1. Please enumerate the residues belonging to the stretch 1-48 that are closer than 23 Å to ILE89 by Cα and either at pLDDT 85 or above or among the charged types (D, E, K, R) (or both).
2. Of the conditions (1) surrounded by 10 or more Cβ atoms within 10 Å (Cβ to Cβ); (2) more than 21 Å from LYS103 (Cα to Cα); (3) at pLDDT 75 or above, HIS56 satisfies every one except a single condition; which number is it?
3. Can you name the helices (runs of 4 or more DSSP H) wholly within the stretch 12-103 that have at least 3 residues being of a type in the set (A, V, I, L, M, F, W, C) and free of Cβ contacts under 8 Å to residues at least 40 places away in the same chain?
Amino acid sequence: MTEEIEVFVPTEETKQRLVFLSIIRDITGGIGFWGTLRPLVAVVLAAIPFLFLGQHFNGQHRKGMDAKLLQLPLALTVILWIFLWIWSIYDAWTESNVLVSQKSGQV
């Protein structure tokens, strides 16, 4: 039984592409460009006051609506509202990182 062996000799263009892909993989940690940016987008959306868009961006609509309803009585006490807003930003960041790691198979 004979097997054919295929030898691949990279051209200069292929070498440059492989180097470029290797650099991108190192920068993004192997999870891709969107996987790297997703937590940052979630934080930016969560930083918009009163809307809790970071939770909606992560697909956690119930948590976003609950926080939106919870802010009404907390608006009377500004200190507790600020805590809820900061928690929203932190939660959007962590949940987005969990989604990225699940999709990349790291969990």
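1. Correct list: ARG38, PRO39, LEU40, VAL41, ALA42, VAL43, VAL44, LEU45, ALA46, ALA47, ILE48.
2. (2)
3. 12-28, 32-46, 61-74, 78-103
The values are calculated or read from the model by the stated rules, or taken from the named source; none is laboratory data. In this text, all values refer to a predicted model and were calculated from it rather than measured experimentally. Counting neighbours? That spans all protein chains shown, and the Cβs are built from the backbone with ideal geometry, glycine included.
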